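Below: the structure, in structure tokens.
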Amino acid sequence: MSHILTPLKVERIKLFRRSNILFLLILAYLYLTPLSNFSLQTETIPNVLEFYTKLQIFLSPISLLAMALFFVNSIGNDFVEGSYRKLIAIGLSKKEYIAGKLLLTLLFSTLIFAMNLVLYFIYGITKLNASLPILLNNLTIAIVLNQILSLFAAGVFGFLIIAVLRNRTVGLVFFPFWLSIEFGFRLFGKHAENEVLTTFSPGNALFNLYNTLNFELIPLIIVITTAILFITIIYQSLKHRDEKGQQLQ
């Protein structure tokens, strides 16, 4: 080949597709609308730490869902438009394709974390009259890693669904439906001694780690194991379907 395709180069080319930009604008609208309601509650919050905790609990479902849906839509476009097949045909391996998506997922995870951090600073300064050093005191390395890892795993979850189902519409419908089921798990867990569903179900595991303020081994191991499992299934799904398609030919 006269040139070498790299995962990041491919993702950069496809990132600014019209459908991706439109989807990001829709997500921004969904993001900002509930925040106006949250801003009304800040006057009753007594201190910065409690404010930070409540803000993260409020933002985490929106952020995790946004990550999953964005990658369902973005990767779904590859299968709808046939660009996945074209990339494989011109020499991009499945491992390189997956690596490119994972790098993009990590990038978006970091960007969403940064956006949530900016919102924390804006609300803290304007609503609580807190100084920047005081606001920064609530941030720890554990919080940064927990939130970025949770967002990354949510994006991988979206990748998994579209890699297995190969249907963007079904994938976009799946996550709001699944979120309601896992919310039911959490409600059930409040009235039951057994918390298996709220600890190990994917969405609740991501929510738990996102809102963990310190290094806690159990939620960390669960999310890392879940992400590794999802990536393995993604690879095997793409490999199996391609091998099956070659046999049919």
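All but one of (1) surrounded by 19 or more Cβ atoms within 10 Å (Cβ to Cβ); (2) not in a helix (DSSP H, G or I) hold for N129; state the number of the condition that does not hold.
(1)
So the check is Cβ under 9 Å with 6+ separation or different chains; which pairs have a first residue in the range 138-166 that's under 14 Å from F207 (Cα atoms) and a second one that's surrounded by fewer than 17 Cβ atoms within 10 Å (Cβ to Cβ) and of a type in the set (S, T, Y)?
I148/T110; L151/T110; F152/T110
Filter the range 88-119 down to the residues that are surrounded by 19 or more Cβ atoms within 10 Å (Cβ to Cβ) and hydroxyl-bearing (S, T, Y), then identify the one that is farthest from I231 (Cα to Cα).
Taking the candidates together, the pick is S109.
For the range 87-128, how many residues meet the condition of being under 23 Å from T232 (Cα atoms) and of a type outside the set (V, I, T)?
Residues in the range 87-128 being under 23 Å from T232 (Cα atoms) and of a type outside the set (V, I, T): 19 in total.
Modelled with pLDDT of 85 or more, in a helix (DSSP H, G or I), surrounded by fewer than 20 Cβ atoms within 10 Å (Cβ to Cβ) and of a type in the set (D, E, K, R), is that true of E50?
no
Is it fair to say F215 is out of contact with any Cys (no Cβ under 9 Å at 6 or more places or on another chain), among the aromatic types (F, W, Y) and under 18 Å from L65 (Cα atoms)?
No, not satisfied.
Specify which of the listed residues (T212, T225, T198) is among the polar types (S, T, N, Q) and in contact with a Gly (Cβ under 6 Å, 6 or more places away or on another chain).
Only one candidate qualifies: T198.
From the list L187, L165, which one is more than 14 Å from the chain's Cα centre (by Cα), modelled with pLDDT under 90, of a type in the set (A, V, I, L, M) and within 14 Å of F230 (Cβ to Cβ)?
Residue meeting the stated conditions: L165.
Just checking, how many residues over the range 194-223 are free of Cβ contacts under 8 Å to residues at least 60 places away in the same chain and either on the phi > 0 side of the Ramachandran plot or hydrophobic (A, V, I, L, M, F, W, C) (or both)?
The number of residues fulfilling the criteria is 8.
The values are calculated or read from the model by the stated rules, or taken from the named source; none is laboratory data. Just so you know, these numbers come straight off a predicted model, no measurement behind them. Ideal geometry is used to build each Cβ from the backbone, glycine not excepted, and the neighbour counts take in all protein chains shown.
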